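Below: one structure, written as structure tokens.
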Amino acid sequence: MALTSKTTFYYLVLSIFFFIFAVNANNKLHLPALQVSKQETATNLRADFAKIFSFGQKRLLSSLLWSQTLLGADIDHYKTRDLNSWLFLRFKTIIALEPEFYMSYLVGGQYLSIIKDDLDGASYLYRKAMEKYPNDYSINYHAGFHFLYEAKDLTQAKIAYTRLSTVPDIQKKFPLLPKILARIDADSSGDDENALKILTQAYLELPDKHPLKNAYLKAIKKRGGQIPLNNH
């Protein structure tokens with residue numbers, strides 16, 4: 001049955017009313033925001049599968065994954081110690097595809113350790129990095145910091161910092177290194193004698209007006225050591 005002009009008018013008015021009502025209700029209705037963590041939504045390709053499906057383009061695929069990872073990286077802490085954070089798995093896949101991907105080790109280790117608080121994931125990356133780049137200053141510097149202050153792994157920290165001690169002009173780049181090595185020796189083995197030798201040698205090698213001279217002297221005295229009078 002055909003609608004009369006009057007009925008059509010009523011339908012039009014009714015439609016406009018419901019439209020205005022819906023818009024007004026939508027503006028006043030505050031629905032809770034739905035937040036889903038990156039850990040729950042991230043997709044990771046297993047490293048062994050990634051190698052197979054890269055079709056020989058491992059460097060290209062690792063670069064694409066690296067770019068995507070940087071763009072999507074979150075800052076939520078991951079404290080579950082199961083090596084299953086999405087960001088760790090992504091870095092693990094990247095270095096499996098391209099073992100010489102230097103920035104993935106360096107940036108990945110720092111991001112997992114400091115920002116994500118994924119200490120086990122960072123330790124894994126830093127161990128791999130120290131195997132691949134055993135004499136690299138930045139790798140050993142950041143790995144040493146992670147293992148000493150974050151992971152509390154004195155063995156790995158000593159390896160990293162000992163390697164740093166062989167770097168030319170390390171006294172200028174990292175004047176606190178002998179003090180750190182002495183602390184590691186004392187804390188790990190109770191070897192105060194060796195710690196004192198390291199601290200004393202570092203103290204004697206510093207120029208008289210060096211700002212760390214007094215700090216080393218205090219560390220030596222704290223361990224019961226003494227400095228020859230002609231070096232005061």
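The values are calculated or read from the model by the stated rules, or taken from the named source; none is laboratory data. Here the structure is a predicted model, which is why all the values come from computation and not from measurement. Note that each Cβ is placed from the backbone with ideal geometry, even for glycine, and that neighbours are counted across all protein chains shown.
Quick notes
- Scanning region 139-147 for residues that are in a helix (DSSP H, G or I) and in contact with a His (Cβ under 7 Å, 6 or more places away or on another chain) turns up nothing.
- Positions within region 55-78 being within 13 Å of the chain's Cα centre (by Cα) and part of a loop (DSSP other than H, G, I, E, B), in sequence order: A73, D74, I75, D76, H77, Y78
- Subset of region 92-123 (residues that are not basic (K, R) and not in a helix (DSSP H, G or I)): E98, P99, E100, F101, D117, D118
- For region 81-91, a residue qualifies if it is assigned to a loop (DSSP other than H, G, I, E, B) and over 13 Å from S113 (Cα atoms), and the qualifying residues are D82, N84.
- Exactly one residue out of L119, L61 is crowded, with 19+ Cβ neighbours inside 10 Å, closer than 24 Å to G144 by Cα and either modelled with pLDDT of 85 or more or not polar (S, T, N, Q) (or both): that is L119.
- Matching option when the condition is among the small types (G, A, S), in a helix (DSSP H, G or I) and within 30 Å of E131 (Cα to Cα), among A195, A215, A219: A195
- Flag if L71 is farther than 16 Å from K128 by Cβ and either of a type in the set (G, A, S) or surrounded by fewer than 21 Cβ atoms within 10 Å (Cβ to Cβ) (or both): yes
- Scan of region 148-164 for residues that are of a type outside the set (G, A, S) and in contact with a His (Cβ under 9 Å, 6 or more places away or on another chain), ordered by number: D153, Q156
- Residue in region 112-133 that is under 25 Å from D187 (Cβ atoms) and among the polar types (S, T, N, Q) present: yes
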